[in-house]
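Presented below is the structure to which this report refers.
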Amino acid sequence: MSEVWFDNGTDWDPKNLIMGNNIADENGSIDIDIRYPGLVPANAKSLILTVERGFTSLPHDGTGCVSLRVMPSGYNLANVLDRAKTQEWVINGAGIDVVAQDVRMPIAPGRRDFFYALQSTCPAERNKMMIIDLWGYTF
């Protein structure tokens, strides 16, 4: 497996796929060819991602959990296994992070998108953030 990391010659140059701030829970899919046409070659096998999530302010009652799940295209939502899942727990006002880093998200011809879901114990509160960045790809 070979890796290609985005580098502008001076610094790393990741591409932002999602940056949400002060949002409620949400989900959707990201097609890399729509977001950044021509950036990732057709023979690429996976995307190199980082995912981040958290509360921007304390949950209403001071305790809660927010998680960001990321799954490849074609993922069966009846399964419980995520390709990437990162969580933040806040318990009585104190935060505890559980983080997944350097995620390889599989892509294939006809399936060059992936699904994401920001979920929490307080879904309607608009006090959450999420970031998904693309750092490169493998082939």
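The values are calculated or read from the model by the stated rules, or taken from the named source; none is laboratory data. Keep in mind that this is a model prediction, so the values were computed, not measured. All Cβ positions, glycine included, derive from the backbone under ideal geometry; neighbour counts span all protein chains shown. Accessible surface is based on the protein model in full, side chains and every heavy atom, while ligands, DNA and RNA are left aside. Shrake-Rupley method; radii C 1.70, N 1.55, O 1.52, S 1.80 Å.
Considering the range 41-61, and only residues there that are open to solvent by less than 10 Å² (accessible area, probe 1.4 Å) and assigned to a loop (DSSP other than H, G, I, E, B), the residue that is nearest to F139 (Cα to Cα) turns out to be A44.
Within the range 62-98, the set of residues being farther than 15 Å from D25 by Cβ, β-branched (V, I, T) and surrounded by 14 or more Cβ atoms within 10 Å (Cβ to Cβ) comprises T63, V90.
Number of residues in the range 9-24 that are assigned to a loop (DSSP other than H, G, I, E, B) and open to solvent by less than 40 Å² (accessible area, probe 1.4 Å) equals 1. Residues in the range 99-116 that are in a strand (DSSP E or B), surrounded by fewer than 18 Cβ atoms within 10 Å (Cβ to Cβ) and of a type in the set (A, V, I, L, M): A108 only.
The residues listed here are A124, A78; of these, the one that is of a type in the set (A, V, I, L, M, F, W, C), free of Cβ contacts under 8 Å to residues at least 40 places away in the same chain and at negative phi is A78.
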